[in-house]
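The values are calculated or read from the model by the stated rules, or taken from the named source; none is laboratory data. What you are looking at is a predicted structure, and each value in this text was computed from that prediction instead of being measured. Cβ placement follows ideal geometry from the backbone for every residue including glycine, while neighbour counts extend to all protein chains displayed. What goes into the accessible areas is simple: the full protein's heavy atoms, side chains included, and nothing from ligands, DNA or RNA. Shrake-Rupley method; radii C 1.70, N 1.55, O 1.52, S 1.80 Å.
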Amino acid sequence: MTIVASFTTLLVISGLLSWLDYRREECVLTEELFGPGFREPPRISNFYRWNETYIICFVLMSTVFAWLLVLRFAIPNMAE
């Protein structure tokens, strides 16, 4: 599960970085066509508005919760 969660997080982060790059290029192009200030470049401070933030949080929280359950219940019961 940890490997799948890591891979999923990596995919989401790489997709987010690609989107940021495309969006910045879009802003440069729209400034050339329509003038400066037509479209604002993305800001990292708006991360709470991106759905990727919540996907990553869910994946990471699920993984941590699963590990806590394993460490609390499964491993101690194996010793008995």
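Looking across region 17-38, the residues that are more than 27 Å from the chain's Cα centre (by Cα) and either of a type in the set (D, E, K, R) or outside any helix (DSSP H, G or I) (or both) come down to Glu31, Glu32, Gly35, Pro36, Gly37, Phe38. Contact annotation: residue pairs with Cβ atoms under 6 Å, 6 or more positions apart or on different chains, pairing a residue in region 24-42 that is without any contact (Cβ under 8 Å) to a residue 40 or more places away in the chain with a partner that is of a type in the set (A, V, I, L, M) and surrounded by 12 or more Cβ atoms within 10 Å (Cβ to Cβ), are Pro42/Leu20.
A Cβ distance below 6 Å, combined with a sequence gap of six or more or placement on separate chains, defines the contacts here; from region 57-80, residues that are more than 24 Å from Phe47 (Cα to Cα) and of a type in the set (Gly, Ala, Ser) reach residues that are open to solvent by 90 Å² or more (accessible area, probe 1.4 Å) and at pLDDT below 95 in the pairs Ala66/Met1.
Looking only at region 33-72, which residues are exposed (fewer than 10 other Cβ atoms within 10 Å of the Cβ), among the hydrophobic types (A, V, I, L, M, F, W, C) and more than 25 Å from Phe7 (Cα to Cα)? Correct list: Leu33 only. Taking the listed residues Val59, Val64, the one that is touching a Ser or Thr at 6+ places or on another chain (Cβ under 8 Å) and either at negative phi or among the aliphatic types (A, V, I, L, M) (or both) is Val59, with no other qualifying.
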